[in-house]
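A.B. asks: Following this message is one structure expressed as structure tokens.
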Amino acid sequence: MPADKEILKKKFKCRFLHIYGKNVAEGTNLEKYKTLASLVRDEISEKWLLTNINYRETNEKKVYYFCIEFLPGRFLVNHLINLGLKETAQEALWELGINLSDLADQEEDPGLGNGGLGRLAAAFLDSLAAVKIAGFGMGIRYHYGFFEQKFVDGNQVELSDNWLQNGCAWEYRKPQEAQTIKFGGHVRVDSVEGRTVFIHENFETVRAVPYDIPITGYKNNTVNYLRLWSAEAFTKDFEYHTFSRGEYTRAFENKIYAESISQILYPDDSTYEGKKLRLKQQYFFVSAGLQDIVRRFKTENGDISNLFKKVAVHINDTHPALAVPELMRILVDEEGVKWDEAWEITTKTISYTNHTILPEALEKWPVGLVQELLPRIYMILEEINARFCREVMERYPGNLEKVRQMAIIGDGFVRMANLSIVGSHSVNGVAKLHTEILKQRVMHNFNEFYPGKFNNKTNGITHRRWVLLANPQLGKLITDTIGTKWIDHPLELKRLTAWAKDPVFQEKIAAIKFNNKKRLASFIEKKYGIEVDPASIFDIHIKRIHGYKRQLLNILHVMHLYNLVRETPHYDMIPRTFIFGGKAAPAYYLAKRIIKLINAVAEKINNDNSIKDRIKVVFLENYNVSLAELAFPAADVSEQISTASKEASGTGNMKFMLNGAVTLGTLDGANIEIRDQVGAENFIEFGILAEEVLNYYQFGGYKAWDIYHRDPRVKRVCDQLVDGFMPEHQEFQALYDHLLHHNDEFFVLRDFASYADAHRRMEEMYRDRKKWESMCINNIACSGFFSCDRTIREYANEIWKIDPITKILKLEGE
Ligand code: F58
């Protein structure tokens, strides 16, 4: 795509005509978006070719980041920024009477993930390209992404997310690189020339076809890619003879069976069939990815025993943990490598990140299911387990309890976290506290057994998307103030501290925030008909809805404020707008009740004229990356209120900070490091500490009823859940029971007083406008550490042992 505006206009008109056979003026926004995307794609293709040549010549080590989720957000504007073409495109389109953002809005936001985990994976790809590391994503091309959330009578209803309905402008289908994946059947053990061989028979095959989505680096001519695997049947379309016999449905069975594997993100796995499909997905993309990597490695490097010198395989959480036995299978069965050497290659190649300590989220698969679906893989797992258990026995003679706890197969399940730890050379947590909890508590046996294997890599965010794309006015102000260096050296943001108390700079920051609040307010008004005042405090809580993330604490406190405002004459309070966003897992009953409660409270408060608009509550429907781009820049207060110890890191907290919101949070996950970076005076903390939480879990001693009886505010809001204060109050009995009869698993009531006090302190700080603005500026200035350029460099140096490519890439004529 030309950097010259006039040439671009000409090319745009010409391309439009060639694709659609009509003039631009007659086109829809979708057609115009597709035209622009195809021009951008031309540009990317050239740089991609160049990058590949460069990688081939330098033969630097490559990393493959395996993740079952990627949430990249829309691509168009991000690519334009990275290619240095945003301004030119904007002006050229403007002169053609087209608004770039109208076209950008046409792009479906690929929702190929649930939340933070998938977003982190996409952010890492962005940084890999930005710092010029040969790093690639491996995932699944789900036909349907994470569900679209609708509210009906305040309840979450899930609709399918057909993100491919208009096609995806960025993907490159590569059928010539397809792989074959085998499921089911059985394994026959035989002997060939004195060697034991394992012959897999009577299996079903599925074809894995890769679709590559290019990932552009920031103004550095680097293009990496995200490879998403799609499942297809081998049989051509459908069985003609079956169809001809009149068995119309059966004729398509094979095709449907094969394609179901990549049809949808996370099927309901509460049923056996659901679990089976999920396990199939995991093996499907892991096997396709590894076969692909080994094939490529062999053509480029030859001797398979050097695999780990040129290839790093990273497994993001345990969903890709079958990489361990699958790589063993490829090495032993297909490449003829001896077990011990294969094990050394495997463990030196693979590394693993853990993202949660929640026991229910530590994956395990029923032995019978693995055996049925992946018979050869199960044999390998048994062998890995047997050898590992022997090692543990040798280390702790007679300590059967240790063996029982650490075994990979136990109690009828394959434990994927144990497999991941044993099968990799590095295990990392995603924030300092999280890593310590892994080392000292959840995985202490393994930490003792493998000294040095556990390490921390605090998460990060792609600061370019969250400022240049989501908050361009802020980006411009920063650049006008400290120059452009911060864009690829985000620690430079620190220089802004010199302006923290500057009244002119403060005013500019405040004006940008106000504009962003207006933008969000007008979206809310248009979408939900709710009027919110941009001069009120925008207090935002956006993330997956989960018990431990404590949206319930937030909304109970809103109910408390509402009680105060209604009942205290002349109660002096700065008007507040409480904004929520997030989806609940479809089968998570309690989370769905919380959604219903927030919507019910919103309905009640927003329609109560007696409180004169001093509180508004808005639940943004269908929270996704695009909506996040609207919300983060508009926040005054960032709600990060998880039960201490439970949030592994959080990354939304970092996006708020970068956009100048002040965190009101517990000392959990990366909040602690945010406070360390920005200073306690620029952070509003509350709540009990992780140690206390973990001790309660271990030793008991917490009594929710005591707090209910002691604190009248707590009693009041709990009672209001069920006493008829809320319409449809029978809907909230489960929440009441959870808090009181089931003893408040996430310590909502325990932290209520401290939370209310934090809100009071926040309000005091906000009244002092100069003080507040300086807090916002300090937050922006100290957020550079949380760029995932830093995180990815740490992974590359300390885990993958990969250096960035130093050779300068240049296109012909540049
Ligand atoms: C998140 N995990 C952590 N899981 O909760 C968050 O603290 C952390 O910042 C982030 O990972 C990145 O490290 C997360 O998002 C999921 O989405 C699960 C995926 C599998 C199904 C259940 C949700």
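The values are calculated or read from the model by the stated rules, or taken from the named source; none is laboratory data. For clarity, every value in this text was computed on a predicted model and none was experimentally measured. Every residue, glycine as well, gets a Cβ built from its backbone with ideal geometry; the counts of neighbours run over all protein chains shown.
A.B. asks: What is the number of the single condition among (1) touching a Cys at 6+ places or on another chain (Cβ under 8 Å); (2) surrounded by fewer than 22 Cβ atoms within 10 Å (Cβ to Cβ) that K513 does not meet?
C.D. replies: (2) is the only condition that K513 fails.
Residues checked against (1) more than 17 Å from S230 (Cβ to Cβ); (2) surrounded by 14 or more Cβ atoms within 10 Å (Cβ to Cβ); (3) in contact with a strand residue (DSSP E or B) (Cβ under 6 Å, 6 or more places away or on another chain):
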{"site": "E148", "(1), (2), (3)": "yes, yes, yes"}
{"site": "F151", "(1), (2), (3)": "yes, yes, no"}
{"site": "W163", "(1), (2), (3)": "no, yes, yes"}
{"site": "G167", "(1), (2), (3)": "no, no, no"}
{"site": "W170", "(1), (2), (3)": "no, yes, yes"}
{"site": "Q179", "(1), (2), (3)": "no, yes, yes"}
{"site": "G185", "(1), (2), (3)": "yes, yes, yes"}
{"site": "T196", "(1), (2), (3)": "yes, no, no"}
{"site": "K219", "(1), (2), (3)": "yes, yes, no"}
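A.B. asks: I would also like to ask the following. For A584, indicate whether it is in a loop (DSSP other than H, G, I, E, B), surrounded by 15 or more Cβ atoms within 10 Å (Cβ to Cβ), within 16 Å of the ligand (Cβ to nearest atom) and touching a residue at least 40 places away in the same chain (Cβ under 8 Å). Explain how you work it out, then say what you get.
C.D. replies: Details: in a loop (DSSP other than H, G, I, E, B): yes; surrounded by 15 or more Cβ atoms within 10 Å (Cβ to Cβ): yes; within 16 Å of the ligand (Cβ to nearest atom): yes; touching a residue at least 40 places away in the same chain (Cβ under 8 Å): yes.
Yes.
A.B. asks: Scanning region 395-412 for residues that are assigned to a helix (DSSP H, G or I) and among the aliphatic types (A, V, I, L, M), which turns out nearest to G423 (Cα to Cα)? Don't jump to the end; show me each part of the working.
C.D. replies: Just the residues of region 395-412 that are assigned to a helix (DSSP H, G or I), to begin with: 395, 400-406.
Cutting the leftovers down to among the aliphatic types (A, V, I, L, M) gives us 400, 403, 406.
On the way: L400: 21, V403: 16, M406: 13 Å.
Looking at the filtered set, the residue picked out is M406.
A.B. asks: What do you reckon, is F699 within 16 Å of the ligand (Cβ to nearest atom), surrounded by fewer than 23 Cβ atoms within 10 Å (Cβ to Cβ) and over 30 Å from K517 (Cα atoms)? First the steps, then the outcome.
C.D. replies: Values: within 16 Å of the ligand (Cβ to nearest atom): no; surrounded by fewer than 23 Cβ atoms within 10 Å (Cβ to Cβ): yes; over 30 Å from K517 (Cα atoms): yes.
Judged against the criteria, F699 is not a match.
A.B. asks: Continuing with the same structure: Out of region 120-133, which residues are under 21 Å from T353 (Cβ atoms) and surrounded by fewer than 24 Cβ atoms within 10 Å (Cβ to Cβ)?
C.D. replies: Result: V131, single match.
A.B. asks: Which residue pairs have Cβ atoms closer than 8 Å, lie 6 or more positions apart in sequence or on different chains, and pair a first residue in region 101-127 that is of a type in the set (K, R) with a second residue that is within 12 Å of the ligand (Cβ to nearest atom) and assigned to a loop (DSSP other than H, G, I, E, B)?
C.D. replies: From region 101-127, the pairs are R119/L71; R119/G113; R119/T651.
A.B. asks: Something else about it: Is region 473-481 home to any residue that is crowded, with 22+ Cβ neighbours inside 10 Å, more than 16 Å from the ligand (Cβ to nearest atom), part of a helix (DSSP H, G or I) and charged (D, E, K, R)? Reasoning before the result, please.
C.D. replies: Kept after step one, since they are crowded, with 22+ Cβ neighbours inside 10 Å, are these residues of region 473-481: 474, 478.
Restricting the remaining residues to those that are more than 16 Å from the ligand (Cβ to nearest atom) gives 474, 478.
Imposing the further condition that a residue be part of a helix (DSSP H, G or I) reduces the set to 474, 478.
Still in the running and charged (D, E, K, R): none.
Within region 473-481, none of the residues are crowded, with 22+ Cβ neighbours inside 10 Å, more than 16 Å from the ligand (Cβ to nearest atom), part of a helix (DSSP H, G or I) and charged (D, E, K, R).
A.B. asks: Which of the numbered conditions does R761 fail, given that it passes all the others? Conditions: (1) touching a Phe, Trp or Tyr at 6+ places or on another chain (Cβ under 8 Å); (2) of a type outside the set (F, W, Y); (3) over 26 Å from L474 (Cα atoms).
C.D. replies: The single condition R761 does not satisfy is (1).
A.B. asks: Of the residues E382, E360, E372, only one is touching a residue at least 40 places away in the same chain (Cβ under 8 Å), part of a helix (DSSP H, G or I) and out of contact with any Pro (no Cβ under 8 Å at 6 or more places or on another chain); which?
C.D. replies: On the way: E382 fails: touching a residue at least 40 places away in the same chain (Cβ under 8 Å); E360 fails: touching a residue at least 40 places away in the same chain (Cβ under 8 Å).
Going through E382, E360, E372 in turn, the sole match is E372.
A.B. asks: I would also like to ask the following. Does L667 fit the bill of being more than 27 Å from N599 (Cα to Cα), in contact with a Ser or Thr (Cβ under 9 Å, 6 or more places away or on another chain), in the same structural domain as P575 (by TED's automatic domain parsing) and more than 13 Å from the ligand (Cβ to nearest atom)?
C.D. replies: No: the conditions fail for L667.
A.B. asks: Within region 619-628, is even one residue within 16 Å of the ligand (Cβ to nearest atom), within 18 Å of the chain's Cα centre (by Cα) and not in a helix (DSSP H, G or I)?
C.D. replies: Yes, because at least one residue in region 619-628 is within 16 Å of the ligand (Cβ to nearest atom), within 18 Å of the chain's Cα centre (by Cα) and not in a helix (DSSP H, G or I).
A.B. asks: Another one. Restricting attention to region 126-178, which residues are assigned to a strand (DSSP E or B) and closer than 30 Å to N797 by Cα?
C.D. replies: Filtering region 126-178 down to residues assigned to a strand (DSSP E or B) leaves 135-140, 144-152, 155-161, 172-173.
Hits for region 126-178 are G135, F136, G137, M138, G139, I140.
A.B. asks: Residues of region 279-302 being farther than 15 Å from K62 by Cα and at pLDDT below 95, which ones?
C.D. replies: G302
A.B. asks: Next question, about the same structure. From R441, R404, grab the single residue that is assigned by TED's automatic domain parsing to the domain that holds I315, in contact (Cβ under 8 Å) with a residue 24 or more places away in the chain and either touching a Ser or Thr at 6+ places or on another chain (Cβ under 7 Å) or away from the ligand (no atom under 16 Å from the Cβ) (or both). I'd like the intermediate steps shown before the answer.
C.D. replies: Numbers: R404 fails: in contact (Cβ under 8 Å) with a residue 24 or more places away in the chain.
Exactly one of R441, R404 is assigned by TED's automatic domain parsing to the domain that holds I315, in contact (Cβ under 8 Å) with a residue 24 or more places away in the chain and either touching a Ser or Thr at 6+ places or on another chain (Cβ under 7 Å) or away from the ligand (no atom under 16 Å from the Cβ) (or both), namely R441.
A.B. asks: Could you list, in sequence order, the residues of region 65-109 that are surrounded by fewer than 22 Cβ atoms within 10 Å (Cβ to Cβ) and among the aromatic types (F, W, Y)?
C.D. replies: W94
A.B. asks: Do you know which residues across region 297-356 are surrounded by 24 or more Cβ atoms within 10 Å (Cβ to Cβ), among the β-branched types (V, I, T) and assigned to a helix (DSSP H, G or I)?
C.D. replies: Of everything in region 297-356, those that are surrounded by 24 or more Cβ atoms within 10 Å (Cβ to Cβ), among the β-branched types (V, I, T) and assigned to a helix (DSSP H, G or I) turn out to be V324, T346, T349.
A.B. asks: I've got another one for you. Which one is nearest to E158 (Cα to Cα) among residues in region 247-302 that are touching a residue at least 24 places away in the same chain (Cβ under 8 Å) and among the β-branched types (V, I, T)?
C.D. replies: By that ranking, first place goes to I264.
A.B. asks: Taking G660 as the residue in question, decide whether it is farther than 28 Å from Q698 by Cα and either in contact with a Lys or Arg (Cβ under 9 Å, 6 or more places away or on another chain) or not basic (K, R) (or both).
C.D. replies: Numbers: farther than 28 Å from Q698 by Cα: yes; either in contact with a Lys or Arg (Cβ under 9 Å, 6 or more places away or on another chain) or not basic (K, R) (or both): yes.
Against the criterion (farther than 28 Å from Q698 by Cα and either in contact with a Lys or Arg (Cβ under 9 Å, 6 or more places away or on another chain) or not basic (K, R) (or both)), G660 qualifies.
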